[in-house]
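J.: This is the structure, below, for whatever I ask next.
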Amino acid sequence: MLYLFSVSRTARWITAIAFAVAVWSCAQKSATEPTSSGPAACTPTPGAVCYGEQQYVEFVAGDFPLVISVPHGGATAPTKIPDRTGITVTDSNTIDLARAISLAFASRVGRRPHLVICHLRRTKLDANRDVVEAAQGNAESVQAWTDYHAFIELAMNTATSMSGTNGRGFYIDLHGHGHPIQRLELGYLLTSGQLDLSDAQLNASYSTASSLRLALPFTNVSFAELLRGPLSLGGRLGSATPSVPSPVVASPGAEPYFEGGYSTERHTARLPGLQIESNFTGVRDTAANRAAFSDRLVTALLGFLEQLGIK
C-alpha cells in the first residue's frame, strides 16, 4: 500500500507541475503576443504590434513623428491567392532594413519611428499601386491593401498627435532598387527631366508638386536647397552614402531613377515625405551594412527634420 501511495503522490506532483508550466507558458504568450485586430481596433501605444487580416500587414507603433512603410519586402505567398501579372520583383531585405533604422533611432534618441510592413510577396500584392493594379481583384489581397494604407493613416494620425509635435511629422516609403549605380534614389515626386532644371526654375514652378510641399511653410530653407543642397537629405548623407538628388549629383539625367509612386503621392497629401530607393551593395546586403547605413541615415534625418520643425 505504501508503494502504491508513493506512485500516486508522484503522479499528482507531475500533473501539478505540468499544469503550472502550461499556465505559465500561456501567461507568457499572452503578455507578448501581438494583436491581430486590424487598423480599426488597434491601440497604437508605443511598442504595440498590430496585424491586419491573416497577419498579411504589420504595424509597429512608435513614439517619434516619422512613419516608414515597406510595401515590397514580404515573403508570404499563400497559394490561395493567385499570382499577379506585371512587376513582381521583391525588394530584398527592406523589412530588415526598416527594423534596423528603427533600432538606430532607439539607440540615438531613445525613440522609434512607426513601421508599416506588408508581408505578402509582391507576386500576391503590390501595396504601392492603386487597388485595381495592386490586388487584381482578389478579395484577400484587396483586404491586405486596405489594411496597409489604413495602418499608414493610423500611424500618421498617431505620430502627429503626440505631445510636442505641433501636428507635424514625416513619411518615408522604403524600397530597394536593382539599378547598376549603387546609390540611394531619393524620390520627391519630381521626374528626371524636372530635376535637370535650374534651382531657380525648381523654386519658381515645382515646389507645390513635390512630396515636400507641406513642409515648406515651416522652414527658411529654399525648396531647391531641401532637394539637393548641402542641407538636403542627400547633402547630409554625404559621400559615405551616395545619393541622387544631392549636391554631388543634382539629377539622375538619363540614368534609371524612381521619383516616387502611389504611396508617396497618396500619403504626402497628409505629411511631407519621400520615397527612398535603396541600393543593395553596402546598404541592404548584410546585417552589418544595414546597421551602419541606418546609423548614417538617422544622423542625416535628425538634422533634416529639425530644420522642418519635426523632432
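J.: Average projected area of the Cα convex hull of the range 264-311, in nm²?
T.: The directionally averaged projection comes out at 4.0 nm².
J.: Round to the nearest 10 and give me the degree value, 0 to 90, for the angle of helix 139-161's Cα axis relative to the longest principal axis of the chain.
T.: 70
J.: Report, in degrees rounded to the nearest 10, the 0 to 90 angle that the Cα long axis of helix 287-306 makes with the longest principal axis of the chain.
T.: 60
J.: With each label point set 7 Å from Cα along the Cα-Cβ vector, what nm distance links V132 and S198?
T.: It works out to 4.2 nm between the two label points.
J.: Return the Rg/Rh value of the chain, two decimal places, where both radii are evaluated on C-alpha atoms and Rh is the Kirkwood radius.
T.: 1.11
J.: Nearest 0.05, what FRET efficiency do S92 and S222 give at R0 = 30 Å with Cβ-Cβ as r?
T.: Efficiency, from the Cβ-Cβ distance: 0.25.
J.: Would you calculate the separation in nanometres between label points at V248 and H179, each defined as 7 Å from the Cα along the Cα-to-beta-carbon direction?
T.: Reported label-point gap for V248 and H179 is 1.5 nm.
J.: In degrees between 0 and 90, to the nearest 10, how far off the longest principal axis of the chain does helix 2-32 point, with axes built from Cα atoms?
T.: 20
J.: Using R₀ = 30 Å, calculate the FRET efficiency as 1/(1 + (r/R₀)^6) where r is the Cβ-Cβ separation of A288 and T165; round to 0.05.
T.: 0.35
J.: For an R0 of 41 angstrom, estimate the FRET efficiency from the Cβ-Cβ distance between F280 and N157 and round to the nearest 0.05.
T.: 0.75
J.: Quick check on the exposure proxy: order K80, K311 from fewest to most C-beta atoms within 10 angstrom.
T.: Fewest to most other Cβ atoms nearby, the residues stand as K80, K311.
J.: Sticking with this one: For n ≥ 4 DSSP H runs only, could you compute -39500 (n - 2.57) per run for the chain, divide by its residues and tell me the 222 nm figure to the nearest 500?
T.: Dividing the helical sum by the residues of the chain leaves -12500 deg cm²/dmol.
J.: Still on this structure, I have one more. Give the peptides 62-71, 218-227 in descending order of average Cβ contacts within 10 Å, highest first.
T.: Highest mean packing first, the order is 62-71, 218-227.
No value in this document is a laboratory result; all are computed from the given coordinates. Just so you know, these numbers come straight off a predicted model, no measurement behind them. Positions of Cβ are generated from backbone atoms using ideal geometry, with glycine treated the same way; all protein chains shown enter the neighbour counts.
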